[in-house]
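S.K.: Please see the structure below; I have some questions.
The values are calculated or read from the model by the stated rules, or taken from the named source; none is laboratory data. Just so it is clear, the model here is predicted, and its values are computed rather than measured. Backbone-built Cβ (ideal geometry, glycine too); neighbour counts: all protein chains shown.
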Amino acid sequence: MTTETHMASAELGDTIIKIDRLNKWYGQFHVLKDIDLDVKRGERIVICGPSGSGKSTLIRCINRLETHQEGSIIVDGIELTEDTKHINDVRREVGMVFQHFNLFPHLTVLENCTLAPIWVRKTPKREAEETAMRYLERVKIPEQANKYPGQLSGGQQQRVAIARSLCMNPRVMLFDEPTSALDPEMIAEVLDVMVGLAEDGMTMLCVTHEMGFARKVANRVIFMDGGQIVEQNEPEEFFNNPQNDRTQLFLSQILQH
Amino acid sequence: MADVKTFVPAPDRAPPSNAVGAFAWVRDNLFGSIGSSVATLLFFYLFFSYVPPFVEWALINANWTGTDRSVCEANTAGACWTFINVRFEQILFGLYFASNPDEIWRPTLIFIVFFALLIPLLFEKTPGKKWLVIGILGVFPVLFYFIVYGGYFGISQSNTTQWGGFLLTFALAFVGILLALPIGILLALGRRSEMPVIRSICVVYIEFWRGTPLITILFMASVMLPLFFPAGVEFDKVVRAMIGITMFQSAYTAEAVRGGLAAIPKGQAEAAMALGLGYWRRTVFITLPQALKISIPSIVNTFIALFKDTSLVSIIGLLDLLNMAQTASRSMEWKGYDIEAYLFAGFIYWAFCYGMSRYSQNLERKLDTNRRN
């Protein structure tokens, strides 16, 4: 264990997300099957799997961008139900970064970052702007604060999207393929920011195929296929000694080039 | 191992001289091919055979002064603008104000106020535009009511059945546009609602009013609306026309706004949801501003159509700009000068519609945050 390049595992806290026998259907299509997943505070989980395996759907259930039909999801003590108030309470604590950034194109970078703190958290405008500038510095683009998203590169936009989420001071961050829409030269700058977040102890769930990132940062790698969790393990074990033949096939395909 | 080479980008060169300049432009754009040359020559032929004679008739040889038709009968080579000049107040403000010279200041003042508020808005650099907009949308209609309709502060109440001309066109279009936009936005949101009852109500409303000709609606507003109210309640004819036009117009505006809403990627609402913004904040701050920006051309398109469609109020006996000009040209005094009447009315419609169109284009450019600079 001493020789691994893996980031030192900090003490993990109590359970922050508890998913119990989760089932979801799109019409007749059974997209998530009996998912059980506990996430501890400070834990960093990478979820991978072929397209259509349900990995994005799973993390989108955690902030209820998708509704589930069976089972339960409890986030920081709040169960996700039809109750709009509970849903908004959870969304306030859970940040999300999307594959296509989804910045608001009609607002400046700074306005993107302050909108939710001002209107959801009721932070005074001055304070929200100071916080936003702090996070923009952290993602290394404070000089772009007054530009519009359309004027930035993809990598810069994704870093703004991360800063926008952090401005809400979330307890959990969800990443839905954050580097899949980026040019190769821009992937590194986004991953750097994510590694920095992990070092600070943020609880993270990342859907990604960046296996270097998974080896470096994750406490646990989860492999999904057909709406089920096929295998999960520590990164070293997961990559070097996959237990399931489906995992072996997947890894051989993504790692052979 | 060889030394590492340093990449130096090649310098930019100017384009070859035969690709730029006036001659190159004419060659490439006007005579680039046989078809293009034929089209260019045909255009110049038509232009020179029709435009100069028209300018001669309408401007150079035209009659501008005088008080009766004798001037125009003496010079038949030019247009008779004398007629428009003499009947100017009637065509612009309608019979009530034209026949009460003491009251003519009322519509005059209201248009001066309107243009004083509007014209600064058209310039990019004007400070305090927010207040001008509030002035036009909030204060101006109230002022219009008190000054043009009257009945308070010693200003006599005007008879709305005798409103007419451009004043009526303006009043109908302004109210129609002002009320149709917010109602249309709510209908568009309702039609995209996840609640089936609200969605159905909005769909039925929109499809009903959109599927009915405006002329029918105006006729119904005139004949049917009084049936829904107790016998004593008298509804002003102009108000009835305004209600009819607003109902009709809001359905069209709703569809224009819905088009904009449908064009906003789903990710925008999702990102707003993920930040914990509720439905109304999401709508007001994220989806609606973007949707309205996209739908400016189609919204303005419906407004321009409405501005011209107001002339259909002739069906219920109201004389708007077009009908008033026509009426004036059919009077015994000015019989035979209807070409001038139609040209003048047409010019005013065009000036306003073109103004709206230009303003919307400026707005689109100004709101385009996707440009890289």
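S.K.: Are any of the residues in the stretch B:93-108 at pLDDT 75 or above, among the hydrophobic types (A, V, I, L, M, F, W, C) and part of a loop (DSSP other than H, G, I, E, B)?
M.R.: Among the residues of the stretch B:93-108, at least one is at pLDDT 75 or above, among the hydrophobic types (A, V, I, L, M, F, W, C) and part of a loop (DSSP other than H, G, I, E, B), which makes the answer yes.
S.K.: Scan B:ALA254, B:ALA263, B:ALA269, B:ALA305 and give me the residue that is in contact with a Gly (Cβ under 9 Å, 6 or more places away or on another chain) and either within 7 Å of another protein chain (Cβ to nearest Cβ) or small (Gly, Ala, Ser) (or both). Before the answer, list the steps.
M.R.: On the way: B:ALA263 fails: in contact with a Gly (Cβ under 9 Å, 6 or more places away or on another chain); B:ALA269 fails: in contact with a Gly (Cβ under 9 Å, 6 or more places away or on another chain); B:ALA305 fails: in contact with a Gly (Cβ under 9 Å, 6 or more places away or on another chain).
Residue meeting the stated conditions: B:ALA254.
S.K.: Just to verify a result, which residue in the stretch A:191-210, among those that are out of contact with any strand residue (DSSP E or B) (no Cβ under 8 Å at 6 or more places or on another chain) and of a type in the set (A, V, I, L, M, F, W, C), is surrounded by the most Cβ atoms within 10 Å (Cβ to Cβ)?
M.R.: Among those that are out of contact with any strand residue (DSSP E or B) (no Cβ under 8 Å at 6 or more places or on another chain) and of a type in the set (A, V, I, L, M, F, W, C), it is A:VAL193.
S.K.: Right, next: Being more than 7 Å from chain A (Cβ to nearest Cβ) and of a type in the set (Phe, Trp, Tyr) is the filter; apply it to the stretch B:272-290 and report the residue that is nearest to the chain's Cα centre (by Cα).
M.R.: Of all residues in the stretch B:272-290, those more than 7 Å from chain A (Cβ to nearest Cβ) come to B:272, B:279-280, B:282-284, B:287-288.
Next, from what is left, pick out any that are of a type in the set (Phe, Trp, Tyr): B:279-280.
Values: B:TYR279: 32, B:TRP280: 30 Å.
That would be B:TRP280.
S.K.: Can B:SER222 be described as part of a helix (DSSP H, G or I), out of contact with any helix residue (DSSP H, G or I) (no Cβ under 9 Å at 6 or more places or on another chain), of a type in the set (S, T, N, Q) and more than 14 Å from chain A (Cβ to nearest Cβ)? Steps first, please.
M.R.: Values: part of a helix (DSSP H, G or I): yes; out of contact with any helix residue (DSSP H, G or I) (no Cβ under 9 Å at 6 or more places or on another chain): no; of a type in the set (S, T, N, Q): yes; more than 14 Å from chain A (Cβ to nearest Cβ): yes.
Answer is no for this residue.
S.K.: Can you find a residue that is of a type in the set (S, T, N, Q), crowded, with 23+ Cβ neighbours inside 10 Å and on the phi < 0 side of the Ramachandran plot anywhere in the stretch A:229-246?
M.R.: First, pick out the residues of the stretch A:229-246 that are of a type in the set (S, T, N, Q): A:232-233, A:240-241, A:243-244.
Retained after the next criterion (residues that are crowded, with 23+ Cβ neighbours inside 10 Å): none.
No, every residue in the stretch A:229-246 fails to be of a type in the set (S, T, N, Q), crowded, with 23+ Cβ neighbours inside 10 Å and on the phi < 0 side of the Ramachandran plot.
S.K.: To continue, here is another question. B:THR369 fails exactly one of the following numbered conditions: (1) without any contact (Cβ under 8 Å) to a residue 12 or more places away in the chain; (2) away from chain A (no Cβ under 14 Å). What is the number of that condition?
M.R.: Every condition holds for B:THR369 apart from (2).
Rundown of residues vs (1) of a type in the set (Gly, Ala, Ser); (2) under 30 Å from A:SER56 (Cα atoms); (3) modelled with pLDDT under 85, yes/no style:
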site: B:VAL223; (1), (2), (3): no, no, yes
site: B:LEU227; (1), (2), (3): no, no, yes
site: B:GLY232; (1), (2), (3): yes, no, yes
site: B:LYS237; (1), (2), (3): no, no, yes
site: B:ILE243; (1), (2), (3): no, no, no
site: B:PHE248; (1), (2), (3): no, no, no
site: B:LYS266; (1), (2), (3): no, yes, no
site: B:ALA271; (1), (2), (3): yes, yes, no
site: B:LEU277; (1), (2), (3): no, yes, no
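S.K.: Restricting to helices (runs of 4 or more DSSP H) lying wholly in the stretch A:77-146: which have 1 or more residues that are under 19 Å from the mean Cα position of the chain (by Cα) and either within 12 Å of another protein chain (Cβ to nearest Cβ) or of a type in the set (Gly, Ala, Ser) (or both)?
M.R.: Working: elements: A:84-93, A:109-119, A:125-138.
In the stretch A:77-146, the matching helices (runs of 4 or more DSSP H) lie at A:84-93, A:109-119.
S.K.: Okay, next question. Pick out the one residue from B:SER17, B:SER70 that is among the small types (Gly, Ala, Ser), over 37 Å from the mean Cα position of the chain (by Cα) and under 21 Å from B:GLN326 (Cα atoms). Talk me through it step by step, then tell me what you get.
M.R.: Working: B:SER17 fails: under 21 Å from B:GLN326 (Cα atoms).
Among B:SER17, B:SER70, only B:SER70 is among the small types (Gly, Ala, Ser), over 37 Å from the mean Cα position of the chain (by Cα) and under 21 Å from B:GLN326 (Cα atoms).
S.K.: Here is a further query. Return only the number of the condition from (1) facing chain B (nearest Cβ under 9 Å); (2) more than 19 Å from A:VAL172 (Cα to Cα); (3) touching a residue at least 24 places away in the same chain (Cβ under 8 Å); (4) not hydrophobic (A, V, I, L, M, F, W, C) that A:SER153 does not satisfy.
M.R.: Against the list (1) facing chain B (nearest Cβ under 9 Å); (2) more than 19 Å from A:VAL172 (Cα to Cα); (3) touching a residue at least 24 places away in the same chain (Cβ under 8 Å); (4) not hydrophobic (A, V, I, L, M, F, W, C), A:SER153 comes up short only on (1).
S.K.: Now, a different point. Take B:ILE134 and tell me if it is modelled with pLDDT of 80 or more, loosely packed, with under 14 Cβ neighbours inside 10 Å and outside any loop (DSSP other than H, G, I, E, B). Steps first, please.
M.R.: Working: modelled with pLDDT of 80 or more: yes; loosely packed, with under 14 Cβ neighbours inside 10 Å: yes; outside any loop (DSSP other than H, G, I, E, B): yes.
Judged against the criteria, B:ILE134 is a match.
S.K.: Looking at A:ALA188, is it aliphatic (A, V, I, L, M) and either at pLDDT below 90 or surrounded by fewer than 23 Cβ atoms within 10 Å (Cβ to Cβ) (or both)? Please lay out each step first, then the result.
M.R.: Working: aliphatic (A, V, I, L, M): yes; either at pLDDT below 90 or surrounded by fewer than 23 Cβ atoms within 10 Å (Cβ to Cβ) (or both): yes.
Here the answer is yes, as A:ALA188 does meet what is asked.
S.K.: If you don't mind, another one. Please determine whether any residue of the stretch A:35-52 is within 14 Å of another protein chain (Cβ to nearest Cβ), surrounded by 19 or more Cβ atoms within 10 Å (Cβ to Cβ) and on the phi < 0 side of the Ramachandran plot. Before you say what the answer is, go through the steps one by one.
M.R.: As a first pass, look at the stretch A:35-52 and keep what is within 14 Å of another protein chain (Cβ to nearest Cβ): none.
No, that holds for no residue.
S.K.: Might you check whether a residue that is over 21 Å from B:ALA58 (Cα atoms), among the basic types (Lys, Arg) and either more than 14 Å from chain A (Cβ to nearest Cβ) or not in a helix (DSSP H, G or I) (or both) occurs anywhere in the stretch B:349-362?
M.R.: Yes: the stretch B:349-362 contains one or more residues that are over 21 Å from B:ALA58 (Cα atoms), among the basic types (Lys, Arg) and either more than 14 Å from chain A (Cβ to nearest Cβ) or not in a helix (DSSP H, G or I) (or both).
S.K.: Taking the stretch B:273-297, which residues are among the polar types (S, T, N, Q) and within 22 Å of A:THR123 (Cα to Cα)?
M.R.: Of all residues in the stretch B:273-297, those among the polar types (S, T, N, Q) come to B:283, B:287, B:290, B:295.
Across the stretch B:273-297, the qualifying residue is only B:THR283.
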